[in-house]
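J.: Quick one: structure below, then a few questions.
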Amino acid sequence: MNKKLLKTTLFGVAIALSTVASCTKNEGPSGENPNAGSGPDTEARQFITLTAAFPDAKTNRAGDGGTLAHALTLAEASDASKELNIFAAGVGYPLRSQRTARVQGSVNGNFLYNIQYTGTNGGIFNKYRVTGTNKFEDTNEELNVASILSASPRWVKAAEGVGVGVKIEGVSAPIDAAKAEAGTQTYEYTRGTVDVAIIDLNNPSVPNTTEFVFPFTDEEKAQGYSVGRVDVPVINGNKVYIGCNIAKVDPSKGPQRSVNQETQAVSWSWANDAANIKGTVTLVLDYPSLANPKLIWSTQSKSANHSYRTMTQYVATDGNVYQATATSGSQILRINRSTSDYDNSYNFDLKTALSKSNDLAIRAWRYFGEGKGLVLFTETGVAGGYLALVDLNSKTATQLATEVSSDAGMNATLGQFQHIGVDGDLAYVPLTPSGKDGNLYIINWKTNSVAKGIRLKGQAGSFFIGAY
């Protein structure tokens, strides 16, 4: 294992590590707000920050243009007579990122954290203090983690005050066309290299990183297993759990030939064998050392657990990790706090809990406490995006009604949804079908009540994607 320790000093870090990581930091803004700089979120909540995505001007692809943020007081957030048009000039604060920002928030919503995604500044970490409306104070504690995590990093707040970023590259199972035609191609799979970085969010720095070969066994490698992505790390005690997108081919069938009907071009691929994947996979590391990488396998699911743009693993009140097979599966699995392995006696299936005949896909979810959580999901063959309160202890669920749930535009919205805001017994969920108006919905997870909050104006190709 190749471990690279990054000290919290300034420019000397980049020099010493030959661009392994660069870290630029100052003491934060001064003036009227002396608490605007570094530190944990120890102040009472004042705001609920909403974020929204808009399309790229050239391609018009939803969510590829960037991210706007606006902070509401709690009174404003709950007032259905008010309206927020975050897309109007000067109303939304543009978080730095060429494409949709991967935004994380502190426990009381007083700080936002972001690592810019793609582009010239991709891989740069910024921390913002939330001060209301479109005013977000950059604490000027910038980190550049691109050389560790690439310019398109996967990262989340893995525990309060701690971010974890991950990357995998170099995965391959090449096919030489000439050998394939001759029938002499052998299966040679390269497992790929994983990089992991710990980010101190309270005092922005990178105290530890590691690099290792993805830990498939030789047998799993020969059976055709591969990994396409790692994401959504969560810290529980002395372990880090990282979701994986696992695939499988059948090497025994040899390369499969296909011909493009338009161009007549010949291509080769290994035979898909996803039906024989033995289970959902999580990568486990020791924390904070990031040593001893290993895989654990669930026998309750074969779905991927790497998510898309939303956190899908939480440490629950009982000390166990609950992990959704998002964003295509309908299950929530459990990783035992004592064994650091899957509890294969446990399986919560949202489809079963809601007595649905169609397949469901968990798009996002949030754990609250006492075994309770909120799930955002879509249903195969049914337009829209839906909400359900779940009880992981009793394995039951209650679907909630909103005015926009059945709108076909909700499918796109939930596909890029990032975060459900929580303040005590209340969950804040902005729901706007793509290109249309909606509302901030406020859900009391103890009473199962749903209230409409502030009206949210829409814009073509745009939608709200998070609350913090």
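J.: In the neighborhood of A101, defined by Cβ-to-Cβ distances under 15 Å, what is the net charge if each Lys or Arg adds +1 and each Asp or Glu adds -1?
T.: +3
J.: Just report the Cα centroid separation between region 404-468 and region 365-399, whole Å.
T.: Cα centres, region 404-468 to region 365-399: 14 Å.
J.: Could you tell me what percent of the accessible area of the chain is made up of carbon and sulfur, with a 1.4 Å probe and every protein chain present?
T.: Exposed carbon and sulfur together represent 47 percent of the surface.
J.: Could you work out [θ]222 nm for the chain from helices alone, using -39500 (n - 2.57) per DSSP H run of at least four and dividing by all its residues? Round to the nearest 500 deg cm²/dmol. Intermediate values should be presented prior to the final figure.
T.: Details: 7 runs with 36 residues, N = 468.
Using -39500 (n - 2.57) per qualifying helix, the result is -1500 deg cm²/dmol.
J.: Just want the answer: with Cβ charges of +1 for Lys and Arg and -1 for Asp and Glu, which residue in F214, P430, A177 is farthest toward the dipole's positive end in the chain?
T.: Ranked along the dipole, the leading option is A177.
J.: Oh, and also: How compact is the chain by the rule of thumb for globular proteins, expressed as Cα Rg over 2.2 N^0.38 Å?
T.: The chain yields a ratio of 0.99.
J.: Sort T120, T184 by accessible area with a 1.4 Å probe, largest first. Spell out each step's value before the answer.
T.: Working: T120 135, T184 85 Å².
My answer, sorted largest first, is T120, T184.
J.: Kindly identify region 68-107 as rounded, prolate or oblate by the Cα gyration tensor criterion: order the square roots of the eigenvalues as a ≥ b ≥ c, call it rounded if a/c is under 1.5, otherwise compare a/b with b/c, prolate if a/b is larger, else oblate. Intermediate results must be reported in sequence, preceding the final value.
T.: Working: a/c = 3.17, a/b = 1.45, b/c = 2.18.
Since a/c reaches 1.5 but b/c is at least a/b, the shape of region 68-107 is classed as oblate.
J.: Can you give me the accessible area per residue for region 81-161, using a 1.4 Å probe, in Å²?
T.: Dividing the accessible area of region 81-161 by its residue count gives 33 Å².
J.: When Lys and Arg each count +1 and Asp and Glu each count -1, what net charge do the other residues less than 12 Å away from A412, Cβ to Cβ, add up to?
T.: Working: positive: R61, R363, K436; negative: D407.
With Lys, Arg at +1 and Asp, Glu at -1, the neighbours total +2.
J.: Among residues other than S340 whose Cβ falls under 10 Å from its Cβ, what is the net charge (Lys/Arg +1, Asp/Glu -1)?
T.: Value of the local net charge: +1.
J.: Rolling a 1.4 Å sphere over the protein heavy atoms, what is the accessible area per residue of region 249-406, to the nearest Å²?
T.: 42
The values are calculated or read from the model by the stated rules, or taken from the named source; none is laboratory data. Note that the coordinates shown come from a computational prediction; the quantities given were computed from them, not determined experimentally. Virtual Cβ from ideal backbone geometry, glycine too; neighbours counted across all protein chains shown. To get the accessible areas, we keep the full protein, side chains included, count just its heavy atoms, and leave off ligands, DNA and RNA. Shrake-Rupley method; radii C 1.70, N 1.55, O 1.52, S 1.80 Å.
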